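A.B. asks: Supplied in structure tokens, the structure appears directly below.
The values are calculated or read from the model by the stated rules, or taken from the named source; none is laboratory data. Predicted model only: the values in this text are computed from it and were never measured. Here Cβ is always computed from backbone atoms with ideal geometry, including for glycine, and neighbour counts include all displayed protein chains. For the accessible areas, the whole protein counts, side chains as well, though only heavy atoms, and no ligand, DNA or RNA atoms are used. Shrake-Rupley method; radii C 1.70, N 1.55, O 1.52, S 1.80 Å.
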Amino acid sequence: MVLEVSNLHKSYPSGFLGRKAEVLRGVNFQVREGAVVGFIGANGAGKSTTIKSILGLVKPDSGGIRYFGDKKITPNLFKEIGFLPERPNFYKFLSGKEFLTYYARLSNKLSGVRLKEQVDLTLKKVHLFEDKDKLIKSYSKGMIQRIGIAQALIHDPKLIILDEPLSGLDPDGRYQLSQIIKGAATEGKTIFFSSHLLDDTERLCDDIVIIKGGVITFQGALNDVLSKTTSSFTITYIENGKSVNMVVNDERELNKEISQLVNKQLVITNVSRKNKSLEEAYVSMVSDQNV
């Protein structure tokens, strides 16, 4: 496993009298090598706190975090991890190329000609090569996210962690960033990202981790999530010379209606199945959980 989180707990002070609000209440999940994993949950569910704990930006009260088998977080380990925070605040008076060169040097993995080549290559990957000499303060929201992805990719990490990378982008921006994430996945990177945009998450992910109230309520393949909700079926048949559509909600009802249509000697022209979306499946699962 690339990442293993075990029984993670984290509380923050809340109000007076030394009271604490428990944000993470025993978080457990794993991220397998080469997977694109979506980390989803409502606002306040604990997504950002989990990510900050994983990266050592906050210290959990208890629990364990292991990388790449059995490694603890160390400064040297960050050579293999790329990260984009939810609200990046980059150096606005650097150009895109200067900014990326700076982060490439910080990694201590690149220098000289190789560093320059990697900067140019990464700028092309995120479609910013033509804008490399513009100051970051002139970049749009979508360009900021793309240069942010670039700094997470520049040192060729094994694991890329993104906190709400698609948030606040227009459809074009979300599409461009999704394509960049897909491109990194095809290169064998492991990608773990949080999001509340479930349509985009469904298109990108192999696996899903769902958090509710500081507890993981599901982890596994995306297809397993979708299979937990009932699909609908549409039967198309001809009656009185007209095409008619009938929608049924389960296979038992489907078989019953088909039998009745056959008995009436009506011609069935098509039977199609519509799978539930991730958003529908998520809402259904979370509403059934008493966490």
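A.B. asks: Scan the stretch 79-102 for residues that are under 23 Å from Val2 (Cα atoms) and either crowded, with 17+ Cβ neighbours inside 10 Å or free of Cβ contacts under 8 Å to residues at least 12 places away in the same chain (or both) and report the count.
C.D. replies: Residues flagged as under 23 Å from Val2 (Cα atoms) and either crowded, with 17+ Cβ neighbours inside 10 Å or free of Cβ contacts under 8 Å to residues at least 12 places away in the same chain (or both) within the stretch 79-102 amount to 6.
A.B. asks: Name the one entry in Ile180, Ile160 that is open to solvent by less than 60 Å² (accessible area, probe 1.4 Å), closer than 29 Å to Ala42 by Cβ and at pLDDT 90 or above. Working first, answer last.
C.D. replies: Details: Ile180 fails: at pLDDT 90 or above.
So the residue among Ile180, Ile160 that is open to solvent by less than 60 Å² (accessible area, probe 1.4 Å), closer than 29 Å to Ala42 by Cβ and at pLDDT 90 or above is Ile160.
A.B. asks: Of all the residues that make up the stretch 148-187, how many are within 18 Å of Leu123 (Cβ to Cβ), free of Cβ contacts under 8 Å to residues at least 60 places away in the same chain and among the small types (Gly, Ala, Ser)?
C.D. replies: Final tally of qualifying residues: 4.
A.B. asks: State the number of residues belonging to the stretch 240-264 that are among the basic types (Lys, Arg) and at pLDDT below 85. Can you show your working first?
C.D. replies: Initial filter on the stretch 240-264 (among the basic types (Lys, Arg)): 242, 252, 256, 264.
Then drop every residue that is not at pLDDT below 85, which leaves 252.
Adding up the residues that qualify gives 1.
A.B. asks: Grab the strands (runs of 3 or more DSSP E) fully contained in the stretch 1-60, keeping just those with 3 or more residues being open to solvent by less than 30 Å² (accessible area, probe 1.4 Å), touching a strand residue (DSSP E or B) at 6+ places or on another chain (Cβ under 9 Å) and of a type in the set (D, E, K, R).
C.D. replies: Filter on the stretch 1-60 gives an empty set.
A.B. asks: Pairs needed: first member in the stretch 118-146, open to solvent by 80 Å² or more (accessible area, probe 1.4 Å); second member anywhere, assigned to a helix (DSSP H, G or I); C-beta distance under 7 Å; at least 6 residues apart or different chains.
C.D. replies: Between residues of the stretch 118-146 that are open to solvent by 80 Å² or more (accessible area, probe 1.4 Å) and residues that are assigned to a helix (DSSP H, G or I), the close pairs are His127/Arg146; His127/Gln176; Asp133/Lys97; Lys134/Gly96; Lys141/Gly173.
A.B. asks: Under the condition of being of a type in the set (Ser, Thr, Tyr) and touching a residue at least 24 places away in the same chain (Cβ under 8 Å), which residue from the stretch 62-78 is nearest to Arg32 (Cα to Cα)?
C.D. replies: Result: Tyr67.
A.B. asks: Can you name every one of the strands (runs of 3 or more DSSP E) wholly within the stretch 159-223 that holds 1 or more residues which are within 21 Å of Ser277 (Cα to Cα)?
C.D. replies: Fully inside the stretch 159-223 and qualifying: 190-194, 207-212, 215-221.
A.B. asks: Do we have any residue at all in the stretch 244-258 that's open to solvent by 90 Å² or more (accessible area, probe 1.4 Å) and hydrophobic (A, V, I, L, M, F, W, C)?
C.D. replies: Yes: one or more hits.
A.B. asks: If I filter the stretch 239-256 for residues that are part of a loop (DSSP other than H, G, I, E, B), touching a residue at least 12 places away in the same chain (Cβ under 8 Å) and more than 19 Å from Val27 (Cα to Cα), do I get at least one hit?
C.D. replies: Within the stretch 239-256, one or more residues are part of a loop (DSSP other than H, G, I, E, B), touching a residue at least 12 places away in the same chain (Cβ under 8 Å) and more than 19 Å from Val27 (Cα to Cα).
A.B. asks: Hey, can you tell me all the residues within the stretch 261-277 that are open to solvent by less than 80 Å² (accessible area, probe 1.4 Å) and in a helix (DSSP H, G or I)?
C.D. replies: Correct list: Leu261 only.
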